[in-house]
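I have placed the structure first, in the form of structure tokens, so that the comments after it can refer back to it.
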Amino acid sequence: MTRLEIDAGAQTDIDIAEIIKRIPHRYPFLLVDRAEDYRPHETIVGIKCVTVNEPFFIGHFPGNPVMPGVLIVEAIAQTGAVLMSKSLNADVEGKTIMFVSLDNCRFRHPVRPGDVLRMPVEVLKVRGELFKFKGKALVGEKLAAEVEFAAMVVATR
């Protein structure tokens, strides 16, 4: 069987049930609704449907709701954590995937209620349980944010 045949039969979409099994985040801080185009150790696209009911819109900003940039970056990072967890088939019991660095972060376009964030994340480098990523957040064709980041598997208390 060729790699192409193996990849053709592989699951590329990840639903919310699997996301909840793979990363520890929960409402109101779970910022990925589903993922698409998963390729082990390579890429994934996270999806976040932004609604007016998000708790941060109450104060950011009344009358002009905008998703905070740090939460956009967090959503991108959570997408990377899903890619990493699934690629490593990580044992999530007693371990978690944590941010270790953030570089070249830029915000380009506001994210508002009703927007759908598409967050393509690609692996730049892997060293054991340390992954370096490049990610974006897109609203339609508009680039909302871009960032390079790293994450690693760490033991919880």
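The values are calculated or read from the model by the stated rules, or taken from the named source; none is laboratory data. All values derive from a computational prediction rather than experimental measurement. Please note: Cβ atoms are built from the backbone with ideal geometry, for glycine as well, and neighbour counts cover all protein chains shown. Keep in mind that these areas ignore ligands, DNA and RNA; they rest on the heavy atoms of the full protein, side chains included. Shrake-Rupley method; radii C 1.70, N 1.55, O 1.52, S 1.80 Å.
Residue check: is Tyr27 hydroxyl-bearing (Ser, Thr, Tyr) and open to solvent by 60 Å² or more (accessible area, probe 1.4 Å)? Considered against the rule, which asks whether it is hydroxyl-bearing (Ser, Thr, Tyr) and open to solvent by 60 Å² or more (accessible area, probe 1.4 Å), Tyr27 comes out as yes. Filtering the range 147-157 to residues that are more than 27 Å from Val50 (Cα to Cα) and surrounded by 19 or more Cβ atoms within 10 Å (Cβ to Cβ) leaves only Val153.
Does His60 satisfy the condition of being within 17 Å of Phe149 (Cβ to Cβ), open to solvent by 20 Å² or more (accessible area, probe 1.4 Å) and either touching a helix residue (DSSP H, G or I) at 6+ places or on another chain (Cβ under 6 Å) or outside any helix (DSSP H, G or I) (or both)? The answer is no for His60. Screening the range 63-92 for residues that are of a type in the set (S, T, N, Q), out of contact with any helix residue (DSSP H, G or I) (no Cβ under 7 Å at 6 or more places or on another chain) and part of a helix (DSSP H, G or I) and picking the one that is farthest from Arg108 (Cα to Cα) gives Ser87. Within the range 63-89, the only residue that satisfies the criterion of being surrounded by fewer than 20 Cβ atoms within 10 Å (Cβ to Cβ) and touching a strand residue (DSSP E or B) at 6+ places or on another chain (Cβ under 6 Å) is Gly69.
Confirm whether Ala144 is touching a residue at least 24 places away in the same chain (Cβ under 8 Å) and either under 17 Å from Ala35 (Cβ atoms) or surrounded by fewer than 16 Cβ atoms within 10 Å (Cβ to Cβ) (or both). Criteria not met by Ala144.
Consider Arg118 carefully, then state whether it is open to solvent by 40 Å² or more (accessible area, probe 1.4 Å), part of a strand (DSSP E or B) and in contact (Cβ under 8 Å) with a residue 60 or more places away in the chain. Yes: the conditions hold for Arg118. A single entry from Val52, Val32, Val45 fulfils the requirement of being assigned to a loop (DSSP other than H, G, I, E, B), surrounded by 17 or more Cβ atoms within 10 Å (Cβ to Cβ), modelled with pLDDT of 95 or more and of a type outside the set (S, T, N, Q): Val32.
Cβ separations smaller than 9 Å between residues 6+ apart or across chains give the following pairs from the range 70-97 residues that are free of Cβ contacts under 8 Å to residues at least 60 places away in the same chain to residues that are assigned to a helix (DSSP H, G or I) and open to solvent by 10 Å² or more (accessible area, probe 1.4 Å): Leu71/Phe56.
On inspection, Asn104 passes the criterion of being out of contact with any His (no Cβ under 8 Å at 6 or more places or on another chain), open to solvent by 40 Å² or more (accessible area, probe 1.4 Å), over 20 Å from Phe29 (Cα atoms) and touching a residue at least 12 places away in the same chain (Cβ under 8 Å).
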